[in-house]
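Visitor: Structure provided below as structure tokens; questions to follow.
All of the numbers you see were taken from the coordinates with simple rules; none came from a lab. Values in this document were obtained by computation on a predicted structure and should not be read as measured data. All Cβ positions, even for glycine, are placed from backbone atoms using ideal geometry, and neighbour counts span all protein chains on display.
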């Protein structure tokens, strides 16, 4: 009696429906799932990723996830850990204000990430670190005021970066250094302050103008002498007042002369202090010595026995005539 069931088991497995992203039980409620591995949950008034995505009902082979135009203000840690094969993720237009540093864990295959038209002001260092295969990143239409090197990189395969329509006023040298494969950079629509902090960006733009669409639209808003000047047109003469960064040789000289000059100044202070102390001690000692009275010479008295030497007592003898 066991034989018939063993014979029917493979047939049952063959005829059973596969759990692909098109079957009714494997797709999210209210979302549209395609057989090619795409799940579209855009514009569904969703508020949180963990509440709408569950590994028990969503096939882990999904490669494209569309979550744009919802109401997710925060991405929690491990929000997409159950989708390790995800290649494209869209989160535009959600009003995102904060992304946890571990939100993109286990997305090592992700190639496209769209975070445009949100309310991001800062990014935690290391947020994109798990995305080693990322090639396209859009942060356009946010409220980013500045960019730090650790916010974006290192992203060794990133080719397209969109930063337009933010509040960026400058960009440090380390930001683009950590993007070696960068080919297209969108920067228009930002209020650039053309002071010393933008010097590196000017140099990069002059050497990479073919990689920056709309370079002529990147204009300075301050200082007054450079207002409405194209950022890429600024020369080294415009920044001659800026202090040059220290070279390794300068750092070596400073590290050697610093302690030496400190010791010399310390010895000089010791010598000057010793001289002042000795001078004050000698001066104080001189004040304590009493002054001896000055002996004036006694005038020599005239010999009274010798009338010739004492004219005051030598008078003529009066004579009396009778």
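Visitor: Subtracting the Cα-Cα distance from 0.36 nm times the residue separation, let me have the gained length for residue 272 to residue 197 in nm, one decimal.
Guide: On the way: separation 75, 0.36 × 75 = 27.00 nm, distance 4.44 nm.
The span from residue 272 to residue 197 would gain 22.6 nm if fully extended.
Visitor: How far apart, in nanometres, would the label points at residue 256 and residue 45 be if each is projected 7 angstrom from Cα along the Cα-to-Cβ direction?
Guide: A separation of 7.3 nm, rounded to one decimal place.
Visitor: What spacing in nm lies between the two simple spin-label points modelled at residue 222 and residue 281, each 7 Å away from Cα in the Cβ direction?
Guide: 6.1
Visitor: Hull surface divided by four, with the convex hull built on the Cα atoms of region 52-178: how many nm²? Working shown, then result.
Guide: Working: hull surface 27.0 nm².
Quarter of the Cα hull surface area: 6.8 nm².
Visitor: Per 10 Å bin, what percent of the C-alpha pairs of region 196-239 does each bin hold, from zero upward?
Guide: P(r) over region 196-239, rounded to whole percents: 29, 60, 11.
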